[in-house]
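One structure below.
Throughout, read-outs are computed from the coordinates displayed, never taken from laboratory work. The shown structure was predicted, so the numbers you read here are calculated from the model rather than taken from an experiment. With ideal geometry, Cβ positions are generated from the backbone for all residues, glycine too; neighbour counts draw on all protein chains shown.
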């Protein structure tokens, strides 16, 4: 089965672990007071690689899911300009558990599906985050290529992954259903753009200023822990 059919249809036979979220969904140009309440079913698959693409303490009081596309320029902006501070101030301090979910927008980004498969095969060797970082750091290079496969192979080699296992993972398509499952979850929930962040029941689509991130996370943390 080709990638377009797999991710476009995101076949209904995929089994998803249930996590229903009543979400505040708003676009970045709408003020917080204009947010509209709607119900979103967010069901990240309980796959064995979910932990590999999660950062932070399992006991963190705040859970954040990022729906992202490795070829999305706005996702690159989040990675470069916002993620370092969020990771340092909230993930590494035990306040936030942060999970990456796959949403390759294949109608816009020709290499996205393949990039996500390479990332998930790295996750199979517990090297998701190093591959995540390298894909974003080099996005402006490989996104312009006609064929990006050799470049992705080079990135995998640079990370010191087991070549035989990695090649088998890619060629077998074994992670494709995991990526497709994330895509299906997102589209069933009406979340069709990247980046989108599901923050403890609230789905925010697009880039937020860092001060807004701090306001949201600090207020949730205070409410859940009873601290100021």
If R0 = 22 Å, then residue 146 and residue 107, at their Cβ-Cβ distance, give a FRET efficiency to the nearest 0.05 of 0.75
FRET efficiency (residue 137, residue 89; Cβ distance; R0 25 Å; to 0.05) is 0.70
Restricting to Cα pairs under 8 Å and 6 or more apart, the percent relative contact order of the stretch 18-225 works out to 32 percent
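Taking every DSSP beta bridge with both residues inside the stretch 18-225, roughly what % is antiparallel (nearest 5)?
Approximately 60 percent, going by the DSSP bridge assignments.
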So for R0 = 30 Å, FRET eff. of residue 81-residue 57 from the Cβ-Cβ r, to 0.05, ends up at 0.75
Expressed to two decimals, the stretch 113-214 has a Cα Rg over Rh, using the Kirkwood radius, of 1.01
When 132, 109 are ranked with the fewest other C-beta atoms within 10 Å first, the list becomes 109, 132
